[in-house]
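Asker: Here you go, one structure.
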Amino acid sequence: MLEGLTAVRPALIATFTWGLVSGVAMVKSGLTESAAAMMTLLVYAGSAQLTSLPLIATGAPLWLIFAAGCIVNLRFVIFSAALAPYFQGLKWYKRLAYGFFTTDMSFVLFMPRFGDAKTRGTPEQRWFFLGTIAPGWIVWQASSMLGIVLGSIVPTSWSLEFAAVLALMAITIPLANSRPMLVSMMFTGVAAWLSQGLPLRLGLLVSVIVGIVSGIWAERRYRKRR
Amino acid sequence: MNDHDFYVYSAIGLLAVCTLLTRTTFMLFGHRMPLSEEVRRALRYAPAAALTAIIVPELLPWRAQSGGAVVDERLLAALVAIWLFHKTRNSLVMIAGGMVFFWILRAALQYI
């Protein structure tokens, strides 16, 4: 567990910043302090929270908020598919807990270290994982609560909610790590700009479909050329 | 509880379900459903697309009713933020720098 704690330490500064920005953004986009606190505790997914805020502020339909949250969270499906073998054999409620508290950071730290391990599911591996998720949760919750308090003190004229858009950009830009991904994001961007007049913010779903299709199309094209 | 509160709390509840579904389904039932390579590939593009689709209208909104603002400080500040991230690879610098530039631009535009 100590190794996990040591490995996660440098990442906690980033976690703290995200939590703070999310906390401020929730209050600044019109959530009451108690709703914001509830969201942090129950949802515990920064990018899904930040994504839903502009939708909630414009009164988008609930099913679309649900869909958008799930799409942003889809990466966790891949993460948990890769992590699941390490936790098989545990009681279901333990697997549920490990799953719920999984973060991007813990996955990124865990896989390079144990990805090629001969035996999967040793107590050492689970303790390491726990060492990365526990401090992440504590720092996230503390900084979010601090952000919620700050958000209700700071005047609206500072436009701190813009920090949420910047925070989303800081998650999105590193994702453009391959040419097909870049092509996909460019097509998505154009689609999102063109379709923003659609009712119920349906442009979001249209853009995601454009993004997936253009990404796979670009992948095939680049592979043929090689 | 008024209508708006009910709407907000329903959204929070549904998002909590999103977290549970995406993070725990494979932990609980993974051994029963292997993911095909095509599905994995398609899943990779979806989150980046959703994030892009949220950000673009925030930075480049249509402004028909206000007569169409030509210079928008949000877009310019975002471009500066991207440049800062490219230089430093640090999201903290990006957010703080983007905010400061946004405030400076907005203050400057008031005097034009």
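Asker: Considering only residues that are crowded, with 19+ Cβ neighbours inside 10 Å and at the interface with chain B (Cβ under 7 Å from one of its Cβ atoms), look in segment A:36-46 and name the one that is nearest to residue A:152 (Cα to Cα).
Answerer: Going through the qualifying residues, I end up with A:39.
Asker: Which one of the conditions (1) more than 30 Å from residue A:13 (Cα to Cα); (2) modelled with pLDDT of 90 or more; (3) more than 9 Å from every other protein chain (Cβ to nearest Cβ) does residue A:184 fail to meet, given that it meets all the rest?
Answerer: It fails just one condition, (3).
Asker: Related question: Any idea which of A:207, A:214, A:195, A:159 is over 29 Å from residue A:31 (Cβ atoms), at the interface with another protein chain (Cβ under 9 Å from one of its Cβ atoms) and open to solvent by less than 30 Å² (accessible area, probe 1.4 Å)? If you could, list the steps in order and put the result at the bottom.
Answerer: Details: A:207 fails: over 29 Å from residue A:31 (Cβ atoms); A:195 fails: over 29 Å from residue A:31 (Cβ atoms); A:159 fails: over 29 Å from residue A:31 (Cβ atoms).
When all the criteria are applied, what remains is A:214.
Asker: Do the conditions hold for residue A:134, that is, is it under 20 Å from residue A:70 (Cα atoms) and among the small types (Gly, Ala, Ser)?
Answerer: Judged against the criteria, residue A:134 is not a match.
Asker: While we're on this one: Considering only residues that are modelled with pLDDT of 90 or more and more than 7 Å from chain B (Cβ to nearest Cβ), look in segment A:86-105 and name the one that is farthest from residue A:9 (Cα to Cα). First the steps, then the outcome.
Answerer: From segment A:86-105, those modelled with pLDDT of 90 or more are A:86-87, A:90-103; that's our starting set.
Pick out the ones that are also more than 7 Å from chain B (Cβ to nearest Cβ) and you get A:86, A:90-91, A:93-94, A:97, A:101, A:103.
Details: A:86: 23, A:90: 27, A:91: 29, A:93: 27, A:94: 24, A:97: 22, A:101: 17, A:103: 14 Å.
This residue is A:91.
Here is a yes/no grid of residues against (1) of a type outside the set (A, V, I, L, M); (2) on the phi < 0 side of the Ramachandran plot:
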site: A:118; (1), (2): yes, yes
site: A:121; (1), (2): yes, no
site: A:124; (1), (2): yes, yes
site: A:130; (1), (2): no, yes
site: A:133; (1), (2): no, yes
site: A:141; (1), (2): yes, yes
site: A:146; (1), (2): no, yes
site: A:160; (1), (2): no, yes
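Asker: Restricting to segment B:9-20, what's the tally of residues that are open to solvent by 10 Å² or more (accessible area, probe 1.4 Å) and out of contact with any Phe, Trp or Tyr (no Cβ under 9 Å at 6 or more places or on another chain)? Please lay out each step first, then the result.
Answerer: The first filter runs over segment B:9-20 and keeps only residues open to solvent by 10 Å² or more (accessible area, probe 1.4 Å), leaving B:9-10, B:13-14, B:16-17, B:20.
Then keep just the ones that are out of contact with any Phe, Trp or Tyr (no Cβ under 9 Å at 6 or more places or on another chain); that gives B:9-10, B:13.
Adding up the residues that qualify gives 3.
Asker: Residue check: is residue A:59 over 18 Å from residue A:133 (Cβ atoms), assigned to a helix (DSSP H, G or I) and not hydroxyl-bearing (Ser, Thr, Tyr)? Full working, then the answer.
Answerer: On the way: over 18 Å from residue A:133 (Cβ atoms): yes; assigned to a helix (DSSP H, G or I): no; not hydroxyl-bearing (Ser, Thr, Tyr): yes.
No.
Asker: Same structure again: Might you check whether a residue that is aliphatic (A, V, I, L, M), open to solvent by 20 Å² or more (accessible area, probe 1.4 Å) and free of Cβ contacts under 8 Å to residues at least 12 places away in the same chain occurs anywhere in segment A:21-35?
Answerer: No, segment A:21-35 has no match at all.
Asker: Further, regarding this structure: Within segment A:47-74, how many residues are open to solvent by 20 Å² or more (accessible area, probe 1.4 Å), at the interface with chain B (Cβ under 8 Å from one of its Cβ atoms), within 23 Å of residue A:171 (Cα to Cα) and touching a Ser or Thr at 6+ places or on another chain (Cβ under 8 Å)?
Answerer: Qualifying residue count, segment A:47-74: 3.
Asker: So which of B:49, B:11 is under 30 Å from residue A:101 (Cβ atoms) and under 16 Å from the mean Cα position of the chain (by Cα)?
Answerer: Working: B:11 fails: under 16 Å from the mean Cα position of the chain (by Cα).
That would be B:49, the only listed residue that is under 30 Å from residue A:101 (Cβ atoms) and under 16 Å from the mean Cα position of the chain (by Cα).
The values are calculated or read from the model by the stated rules, or taken from the named source; none is laboratory data. As the structure is a prediction and not an experimental result, all values here were calculated from the model. With ideal geometry, Cβ positions are generated from the backbone for all residues, glycine too; neighbour counts draw on all protein chains shown. The area values use the complete protein model at the heavy-atom level, side chains included, leaving out ligands, DNA and RNA. Shrake-Rupley method; radii C 1.70, N 1.55, O 1.52, S 1.80 Å.
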